[in-house]
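The values are calculated or read from the model by the stated rules, or taken from the named source; none is laboratory data. Predicted, not measured: the structure shown is a model, and the values here were computed from it. Methodologically, a virtual Cβ is constructed for each residue, glycine included, from the backbone with ideal geometry; neighbour enumeration extends over all protein chains shown. What goes into the accessible areas is simple: the full protein's heavy atoms, side chains included, and nothing from ligands, DNA or RNA. Shrake-Rupley method; radii C 1.70, N 1.55, O 1.52, S 1.80 Å.
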Amino acid sequence: MNPAHPPHDPSRRRVLGGLGAAGLVGMLPAARAKDRRPLGVALVGLGYYSRDLLAPALQMTKHCRLAGIVTGTPAKAEEWQRRHRIPDRNVYDYAGFDRIADNPDIDVVYIVLPNHLHKPFTLRAAAAGKHVWCEKPMAMDAAEARAMIEACRQHRVQLTIGYRMQHEPNTQAVMALARSHPFGRLQRIRAEAGFRGFDGASGDNWRLDPVRGGGAMYDMGVYALNAARYTAGAEPIAVTATPHVERADIFRGVDESMRFRLEFPDGAVADCATSFGRNMNLLHADCADGWYELSPFQAYEGVRGEASDGRRFDAVIGATPAQQARQMDADALAILQRTPPRVPGEEGLRDMVALDAIFASARAGGTRVAIAAA
């Protein structure tokens, strides 16, 4: 548990944020470590990911702390207040969320809501002068993602997307290979992410609702898409995609599975798959002179891999939720040090542009669709 922290001057924070947006941060002296307090984070949405992963992870962080909650369920609010000692002044419902602007305890709003709510709450948080961390996928489409980026730019707050894997050391080692090319030219990527689930699921589960951003592609498919992009170290230029539904009584109007092939400018391709009907967790790259892979590549812990030259990717950062703690500490430091975050909104936008093309191809029966620049 983080210790209590002294009050801060919110007006000074807003001034610094404004100077950062204007490109003037480099002219300011860096804040001394003793002057920094862990940033106060408010979790918006108190489902499984917040309850079992983010809240415990915030007890492990050095640079941020759980300061507030936003929920539409009074019983949840009471339980969280008892468990995490959250004062009444830091508890909000969705209708009263905008009052968070007046709360100096809260610096960051972490949006952990169904996909269709990412944009509206990002816009509200930015207008309240709070930095925004948003879970993946960033939005419902690229247009929403652009609106989120613009709102945060206008209000001079950071927007960061919760791609925890880009903070994981074995993943970072694979990302570095896209720059060093130790095995020659990249030829083919396989990226597969999925699990078997939703048998007997409630009909009101948002992941089964197309209006709220349900389906495997929005959820697990983003792991495969993002992994293909960071393994290639380039942006895809075209895609063909085919959805599949086996349990039509469960998946009505959303994809149960999706296969898609991404084409990259240098001729490399990525054959990707995602599913709510089958377990899959592999990232593999074939190059002209060797190969490398992570398996599993997007688990909460135990990410590991190897390469054809015998090297192993086996760094260990700790048990769950160590990944989430590492991610949030890095994102908090970016705010405190006034530096760009590792995964800014623009990274989420690039995935959304590709997602738009994937869905367009799927609707058109697997027709090849060009992917526009983000």
For the chain, give me the percentage of DSSP beta bridges that are antiparallel, rounded to the nearest 5 percent. 60
In Å, the Kirkwood estimate of hydrodynamic radius for segment 231-320 over Cα pairs equals 15.4
Expressed in angstrom and ordered largest first, the alpha-carbon extents of segment 82-233 along the principal axes are 56, 42, 35
From zero outward in steps of 20 Å, how is the percent of C-alpha pairs of the chain spread across the bins? 28, 58, 14, 0
For the chain, what is the mean residue ellipticity at 222 nm derived from helices alone (per DSSP H run of n ≥ 4: -39500 (n - 2.57); sum divided by total residues; nearest 500 deg cm²/dmol)? -9000 deg cm²/dmol
Nonlocal amide H pairs with G68, under 5 Å, H built at 1.01 Å: V41, A42, L43
For segment 145-208, take the convex hull of the Cα atoms, compute a quarter of its surface area, and give me that in nm², please. 8.4
Scalar couplings 3J(HN,Hα) for segment 323-333 by Karplus 6.51 cos²θ - 1.76 cosθ + 1.60 (θ = phi - 60°), nearest whole Hz, x for Gly and Pro, are 4, 5, 5, 4, 4, 5, 5, 5, 5, 5, 4
Please state the equivalent ellipsoid semi-axes for segment 161-265: what are the square roots of 5 times the Cα gyration tensor eigenvalues, largest first, in whole Å? 31, 15, 11
Between 0 and 90 degrees, rounded to the nearest ten: what's the tilt of helix 118-127 against the longest Cα principal axis of the chain? 30
Sort E306, E168 by accessible area with a 1.4 Å probe, largest first. E306, E168
Give me the angle, in degrees from 0 to 90, between the Cα long axis of helix 169-180 and the longest principal axis of the Cα atoms of the chain, rounded to the nearest 10. 60
Relative to the longest principal axis of the chain, what angle (0 to 90°, nearest 10) does the C-alpha long axis of helix 10-21 take? 40
Using protein chains only and a probe of 1.4 angstrom, how many square angstrom of H118 are accessible, to the nearest 10? 0
Using a probe of 1.4 angstrom, how much of the accessible area of the chain is carbon and sulfur, in percent? 52
Along the chain, longest interval not containing exposed trypsin sites (Lys or Arg not before Pro), exposed being DSSP loop plus at most 14 other Cβ atoms within 10 Å: 86-184
Using alpha-carbon coordinates alone, the radius of gyration and Dmax of segment 267-374 in Å work out to 17.6, 48
Ignoring ligands, DNA and RNA, how do I317, I335, I358 rank by accessible area with a 1.4 Å probe, largest first? I317, I335, I358
Residues of the chain: accessible area per residue with a 1.4 Å probe, Å²: 43
In Å and on Cα atoms, what radius of gyration and Dmax does segment 27-125 show? 14.1, 48
